[in-house]
1. Of (1) 66, 25, 25; (2) 41, 35, 30; (3) 68, 42, 20, which one was derived for Cα extents along the principal axes in Å from the structure shown?
2. State the percentage of accessible surface on segment 44-163 attributable to carbon and sulfur atoms; use a 1.4 Å probe and exclude ligands, DNA and RNA.
3. Sequence gap at least 6, Cα distance under 8 Å: using those rules, report the relative contact order of the chain to the nearest whole percent.
4. Taking each full run of DSSP H in the chain as one helix, which ones are at least 24 Å long along their axis (Cα atoms) and have mean Kyte-Doolittle hydropathy of at least 1.0?
5. Please report the Cα spread of segment 61-142 along all three principal axes, rounded to whole Å, starting with the longest.
6. Taking the solvent-accessible surface of protein heavy atoms with a 1.4 Å probe, what is the per residue accessible area of segment 6-163 in Å²?
7. Would you work out the charge dipole size for the chain about its Cα centre, treating the Cβ of every Lys and Arg as +1 and the Cβ of every Asp and Glu as -1, and quote it to the nearest 20 debye?
8. Provide the packing ranking of 102-112, 58-68, i.e. peptides ordered by the mean count of other C-beta atoms within 10 Å per residue, highest first.
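The values are calculated or read from the model by the stated rules, or taken from the named source; none is laboratory data. Owing to the predicted nature of the structure, the values given are computational and were not obtained by experimental measurement. Please note: Cβ atoms are built from the backbone with ideal geometry, for glycine as well, and neighbour counts cover all protein chains shown. These area figures cover heavy atoms from the full protein model, side chains too; ligands, DNA and RNA do not enter into them. Shrake-Rupley method; radii C 1.70, N 1.55, O 1.52, S 1.80 Å.
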Amino acid sequence: MAHISPGGGLSPLSWETPAERADRNLLELLQELRVVQTGVQIVFAFLLGVAFTSQFLHLDTFERSTYVVTLLLTVVSSAVLATPVALHRGLFHRGAKIRIVALSARLAEIGLVFLALALNGVVLLLMDVVLGLTAAVTITAATLTMFTGLWFILPRALRRPNP
């Protein structure tokens, strides 16, 4: 007897083989990564543009350091978030899809950590320039808390079964 999912359709567990499930999971993950990678590219483009503005010359040591760290965090997040694509290409038709999916899911989580740090670095830099360091640290603490809650704590909380 087929299982009905909460959405009203058949539960994937009732009709998918492990290979089919791995195919579906990989396609879903790659689609999610496409969306996130666009955001990374926008942040990276913004950061590249900042270095060529006249205001950049007036940044103090802390602001320049924040800029450099943020730029590097963006590069790392881009590399980590693109690695599942490279894994898929490098191991295509080698019978490793289940391993690719498991590793890629972990890489996506790691990439999101670096992306959250990069986005908060942008917030810190901009708020420091616009409002000063004290306000920048306060606002960045709030945005970092928001990312932590939404991207990491909430999904883990929803994994727990309902009592």
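1. After the calculation, the listed value that fits is (3).
2. Of all accessible area on segment 44-163, carbon and sulfur atoms account for 72 percent.
3. Working: 122 pairs, mean separation 35.5, N = 163.
In percent, rounded to a whole number, it is 22.
4. For the chain, where a helix must reach 24 Å along its axis and average at least 1.0, the hits are 97-131.
5. 54, 22, 13
6. Accessible surface, normalised per residue, equals 63 Å².
7. On the way: 12 positive and 9 negative charges, 118 e Å.
Result for the chain is approximately 560 debye, rounded to the nearest 20.
8. With the highest mean Cβ count within 10 Å placed first, the list reads 102-112, 58-68.
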